1. So G54 clears everything in (1) under 25 Å from V2 (Cβ atoms); (2) part of a strand (DSSP E or B) except one condition, right? Which one?
2. Among the residues of region 16-33 satisfying the criterion of being surrounded by fewer than 17 Cβ atoms within 10 Å (Cβ to Cβ) and either of a type in the set (K, R) or more than 15 Å from the chain's Cα centre (by Cα) (or both), which is farthest from N76 (Cα to Cα)?
3. Among what's in region 83-94 and is hydroxyl-bearing (S, T, Y) and part of a loop (DSSP other than H, G, I, E, B), pick the residue that is surrounded by the most Cβ atoms within 10 Å (Cβ to Cβ).
4. Of all residues in region 1-35, count the ones that are at pLDDT 95 or above and within 16 Å of R71 (Cβ to Cβ).
5. Quickly run through region 61-81 and pick out the residues that are surrounded by 15 or more Cβ atoms within 10 Å (Cβ to Cβ) and over 17 Å from E6 (Cα atoms).
6. Quick one: would you say L80 is in contact with a Gly (Cβ under 6 Å, 6 or more places away or on another chain) and either in contact (Cβ under 8 Å) with a residue 24 or more places away in the chain or part of a strand (DSSP E or B) (or both)?
7. Is it the case that G65 is part of a loop (DSSP other than H, G, I, E, B) and closer than 24 Å to G26 by Cβ?
Amino acid sequence: QVRLVESGGGLVQAGGSLRLSCAASGTAFSINAMGWYRQAPGKQRELVARITSGGSTFYVDSVKGRFTISRDNAKNTVYLQMNSLKPEDTAVYYCKRESPVYWGQGTQVTVSS
């Protein structure tokens, strides 16, 4: 059974940092492309960052230079380091196995101004 468990969300002031983690089990993690997505209230879920099995990364323009996605295959974990956070980064952040698709339960990130 596949499980993706996110952690690391919370409340932070603008300009602060958070590190999200997504621990995977029940999947061949090292060959999976993984993504972080977010959904703000009243908005559609959107891609934030993605990392391939080989470590290639992609970022949406709004987080380039502030967020870093990484993975530790030995720990079956993907991370999202978020720096210089802005109030508009407030959302529920979801971890996703790209193919076959599987979603985590999400973790709330709230950035106060």
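1. (2) is the only condition that G54 fails.
2. If we take residues in region 16-33 being surrounded by fewer than 17 Cβ atoms within 10 Å (Cβ to Cβ) and either of a type in the set (K, R) or more than 15 Å from the chain's Cα centre (by Cα) (or both), then G16 is farthest from N76 (Cα to Cα).
3. Selected residue: T90.
4. 14
5. The answer is V63, R66.
6. no
7. Details: part of a loop (DSSP other than H, G, I, E, B): yes; closer than 24 Å to G26 by Cβ: no.
No, not satisfied.
The values are calculated or read from the model by the stated rules, or taken from the named source; none is laboratory data. The structure displayed is predicted, hence computed values, not measured ones. Using ideal geometry, Cβ is built from the backbone for each residue, glycine included, and neighbour counts are taken over all protein chains shown.
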